[in-house]
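No lab work stands behind these numbers, since they all come straight from the coordinates. Note that the structure is predicted; figures quoted are calculated from it, not measured. All Cβ positions, glycine included, derive from the backbone under ideal geometry; neighbour counts span all protein chains shown.
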Amino acid sequence: MPELPEVETTLRGITPHIVGQTVLELVLRTAKLRWPLDPHLRDILPGQKILSVERRAKYLLVHCDQGTLIIHLGMSGVLRVISADMTEQKHDHVDMIFTNGQALRFTDPRRFGMFIYTSEDPKKHKCLVNLGPEPLANDFTAKYLYQTSRLKKQAVKTFIMDQKNVVGVGNIYANEALFQAGIDPARSAGRIGLKRYEKLVVSIKTILKKAIVAGGTTISDFRQSDGRPGYFDQQLLVYGRDGEKCPNCDNSIKSTRLGQRSTYYCPHCQR
DNA sequence: ACGCTCTCCTGGCCGC
DNA sequence: TGCGGCCAGGAGAGCG
């Protein structure tokens, strides 16, 4: 679920509450998320102080004295700072309790999320080492996308959702960005010219920035870390709108599937 | 190397 | 109201 704006929203929500705090105890209630939760976290983390939190792609890196937690929200994960005595509910898998009486709680119904610890450089972890550029950074340019996509036959939507090429763009924002750029999501990435990639890069950056301001998109279960939903769903122009009228013309929005993912587009406006 | 499927898991919704 | 089938913000693994 969470794409870059939702992860960024989470980062901004939790950071001021946990940086500087010292871990008192780790409560693990579920053995397995995407990968097994390491029971040694109960021994390793207590006593460590949270130094900083950063986002890389859709991963959150919680830097502690002696190592780093790598957290991914998967499709349905939520991180919240709560009072440590708040009763746990179904799907609350991890509580990281601090000495100040608060806790960072990880909730994830579908359990595609990830909550691991490394004492090595987290950027060298196999999940992070092959990631492409950050879409909001200066090195994410039309020239880069154009060069990277030469000879690629895969659909441009699949191409921009591949984290090797650019990170953070998930299914919702891929649909929206391609609509805004007027590009047919099924078109081969290698057959799109530099000019059109210029439009696409602008669309991706604009949409992600707007979504961050809105606190992300809540389709069903995403919550900002204070429990409020994200409000960007009110600005979605094509996602989930098949059969509705295109905002730009009189034709209706169609849906199809690309790479096993629902795809929404206007056949008239997107070429 | 590339690109396509399958897979992990729970819950909500729709149709019968 | 109950049940089966299908769908959902991701992405690693395995295959041809």
Span-rule helices in chain A, defined as complete DSSP H runs reaching 24 Å or more along the axis (Cα) with Kyte mean at least -1.0: A:194-213
Over 19 Å [Cα-Cα, segment A:147-226], rounded percent: 36 percent
Rounded to the nearest 20 debye, dipole of segment A:74-211 from Cβ charges on Lys, Arg, Asp, Glu: 940 debye
log₁₀ of I(q)/I(0) at q = 0.18, 0.23, 0.26, 0.28 Å⁻¹ - segment A:215-271, Debye sum with one point per alpha carbon: -0.69, -0.89, -0.98, -1.05
For chain A, average projected area of the Cα convex hull in nm²: 14.1 nm²
Cα pair distances of segment A:117-271 binned at 10 Å [whole percent]: 11, 37, 36, 14, 2, 0
Stokes-Einstein translational diffusion, segment A:1-118 - Kirkwood Rh over all Cα pairs, 1.002 mPa s, 20 °C, in µm²/s: 154 µm²/s
Least to most buried among A:Thr158, A:Thr87, A:Thr10, A:Thr99 (fewest other Cβ within 10 Å first): A:Thr87, A:Thr99, A:Thr158, A:Thr10
Value at 222 nm in deg cm²/dmol, rounded to 500, when DSSP H runs of n ≥ 4 in chain A each add -39,500 (n - 2.57): -7000 deg cm²/dmol
Part-to-part distance (alpha-carbon centres) for segment A:108-138 and segment A:32-71, which is given in Å: 11 Å
Scattering profile of segment A:56-187 at q = 0.09, 0.11, 0.17, 0.18 Å⁻¹ [log10 I(q)/I(0), Debye over alpha-carbon scatterers]: -0.37, -0.53, -0.99, -1.05
5 angstrom amide H check on A:Met75, placed H, neighbours 5+ away: A:Phe112, A:Gly113
Whole-angstrom Cα spans of segment A:4-47 along principal axes, big to small: 30, 26, 13
Residues with amide H under 5 Å from that of A:Tyr117, placed H, sequence gap 5 or more: A:Ile70
